[in-house]
Amino acid sequence: MSGSNSAERKRHEPLVLVETADLSEEDWLDYRRRGIGGSDVSAIFGTSPFRTARDLYYDKLNIASVEDDEATGLPWKWGICWSLW
């Protein structure tokens, strides 16, 4: 960059596509399934300790979610992985 520093850079505001404050959980999940979020990227790259790319694919198609599997449902909700204990 020619002579500009980080203080002069324009700050970008995030683009809010959907206001989620008053959505039901089901509606929120419907919107979430329509795209790829930051928390989905590690599953896509195969580095997530919480879900696989297949889990993500099934969740996006609303075929099954991680919560449907009793063995992984609670750790997913808690944000921890049993294998780390």
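The values are calculated or read from the model by the stated rules, or taken from the named source; none is laboratory data. Quick caveat, the model's predicted, so the values are computed rather than measured. Note that each Cβ is placed from the backbone with ideal geometry, even for glycine, and that neighbours are counted across all protein chains shown.
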| Of the residues that sit in the stretch 27-45 and are at pLDDT 90 or above and of a type in the set (Asp, Glu), which one is farthest from residue 56 (Cα to Cα)? | 27
| Positions within the stretch 6-32 being exposed (fewer than 10 other Cβ atoms within 10 Å of the Cβ) and aliphatic (A, V, I, L, M), in sequence order | 7, 15, 16, 17, 21
